[in-house]
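What follows is a short report on a single structure.
No lab work stands behind these numbers, since they all come straight from the coordinates. All of these numbers come straight from a predicted model, not from anything done at the bench. Note: ideal-geometry Cβ built from the backbone for every residue, glycine included; neighbour counts use all protein chains shown.
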Amino acid sequence: MCRPQQVWHWNFPSLHRKDIAMSTPQTSAVTNTNGRLQGKVAIVTGAGCVGPGWGNGRAVAVLFAQAGATIFAVDKNAEAMEETIRRVREVGGTISAHTCDVTDSTSVAEMVAACEAQYGRVDILVNNVGGSAAGGPVALAEEKWDAQVDFNLKSVYLTCKHVLPVMEKQGKGAIVNTASTSGIRWTGSAQVAYAACKAGVIQLSRVVAVEYAKKGIRVNTVVPGQLHTPMVEVRLAGQRSGGDVDKLLESRVARIPLGFMGDGRDTANAALFLASDEAQFVTGTEIIVDGGMTARCD
Ligand SMILES: NC(=O)c1ccc[n+]([C@@H]2O[C@H](COP(=O)([O-])OP(=O)(O)OC[C@H]3O[C@@H](n4cnc5c(N)ncnc54)[C@H](O)[C@@H]3O)[C@@H](O)[C@H]2O)c1
């Protein structure tokens, strides 16, 4: 269940259950050297995290900053962004934070306008807000279904709605959405709204990709599998295994052919490729980051 040697340029400890709370990063000697996103402005939604450590949005913000992007970090919880801001600055990156609920159209419009006012453009949008609620159609209350749709799918629609006109004006842009393997497979529990919404994110991305291809805007999706992010301890163990974190981790890793769980950094590496000009011929598609989990059928 050990994560192999890092390919990242800084020496953060690998994220195991015990080091989540104490993951003290070492500042890297190597920052902004590759310049894969040099000069670009990136909005990252859900740039905080539910706990200390490598959530997906935090990892995207730090890696993109390291690649030269200016980060416009967005989260409804200002406190959750503090660690992200600190880590971005530690790698020599530039970041500003904006508090916004991305399920609210007015707030999203104001957020995009604030980014444009501050930096004059939006080159990259990474949609990272989302999360699961347990239950199939019978168990899941109707209001929870509606809340899941707002949280996981409407949020993506809203940011696209307000960012696309800016990118169209520029004649260029890249959107990277975050789905989940729950959007393409059964992943161990009935979470019907989450699964349906994440499938929706994948198809929303494909449709927008084709509609906006001629305008120079690419839209792709990262599909993370069962990661070990702080969310596992903070929320999922309560939802799935009566609070027993070890039991949950064991059941998750048992499904993964590579034999270890990734974390937000693995999502970020895929997102970096999709957001960069190296992916200039890549749109309307997905990168699955799951250690081989969805390839198996046994
Ligand atoms: N963690 C995993 O194992 C995993 C696996 C597959 C997919 N994903 C997807 O990755 C994304 C991020 O998950 P995570 O577990 O890394 O994140 P997380 O839950 O740790 O953090 C998400 C951040 O989003 C913020 N947020 C919540 N609601 C918001 C709103 N309405 N407006 C603005 N900000 C809001 C939270 O304050 C938090 O800081 C989600 O879309 C999730 O579905 C996660």
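What number does the chain give for Rg over Rh if you use C-alpha atoms and the Kirkwood radius?
Numbers: Rg = 17.9 Å, Rh = 19.1 Å.
Reported Rg/Rh (Cα atoms, Kirkwood Rh): 0.94.
Exceeding 27 Å between C-alpha atoms, which entries from my cross-link table qualify? They are Lys144/Lys172; Lys40/Lys214; Lys154/Lys247; Lys154/Lys215. Don't skip to the end; give the middle numbers.
Details: Lys144/Lys172 37 Å; Lys40/Lys214 20 Å; Lys154/Lys247 33 Å; Lys154/Lys215 23 Å.
The pairs that break the limit, which is 27 Å between Cα atoms, are Lys144/Lys172; Lys154/Lys247.
Restricting things to Cα coordinates, could you compute the convex hull volume per residue of the stretch 208-292 in Å³? All intermediate terms of the calculation are to be shown ahead of the outcome.
Numbers: hull volume 8.8 nm³, N = 85.
In the stretch 208-292, the Cα convex hull volume per residue is 104 Å³.
Could you tell me which trypsin sites (Lys or Arg not before Pro) in the stretch 206-298 are loop residues by DSSP with no more than 14 other beta carbons within 10 angstrom of their beta carbon? Intermediate values should be presented prior to the final figure.
Numbers: sites: Arg206, Lys214, Lys215, Arg218, Arg235, Arg240, Lys247, Arg252, Arg255, Arg265, Arg296; in loops: Arg255, Arg296.
Passing sites in the stretch 206-298 are Arg296.
Can you compute the FRET efficiency between Ser96 and Arg235 using 1/(1 + (r/R0)^6), with r the Cβ-Cβ distance and R0 = 30 Å? Round to the nearest 0.05.
Between Ser96 and Arg235 the formula returns 0.60.
In a shell of Cβ-Cβ distance under 11 Å around Arg185, excluding Arg185 itself, what net charge do Lys and Arg (+1) and Asp and Glu (-1) give?
+2
For Ser105 and Trp186 in the same chain, what is the full-extension length gain: residue separation times 0.36 nm, less their Cα-Cα distance, in nm? List each step's numbers first, then the result.
Values: separation 81, 0.36 × 81 = 29.16 nm, distance 3.15 nm.
So the chain would gain 26.0 nm between Ser105 and Trp186.
Lys247 versus Glu211, label points 7 Å from Cα toward the beta carbon: distance in nm?
Spacing of the two 7 Å Cα→Cβ label points: 4.5 nm.
With an 8 Å cut-off on Cα pairs and a minimum separation of 6 or more residues, tell me the relative contact order of the chain in percent.
That works out to 19 percent.
In percent, how large is the relative contact order of the stretch 172-298, given Cα pairs closer than 8 Å and 6 or more residues apart?
34 percent
Rounded to a whole number of µm²/s, how large is the Stokes-Einstein D of the stretch 49-166 at 10 °C and 1.306 mPa s, given Rh as the Kirkwood radius over C-alpha pairs?
105 µm²/s
Want the number for Arg89 to Phe260: 0.36 nm per residue separation, take away the alpha-carbon distance, what's left?
58.6 nm is the gain from fully extending Arg89 to Phe260.
List the chymotrypsin sites (Phe, Trp or Tyr not before Pro) within the stretch 58-120 that DSSP assigns to loop and that have no more than 14 neighbouring Cβ atoms inside 10 Å.
Nothing satisfies the criteria.
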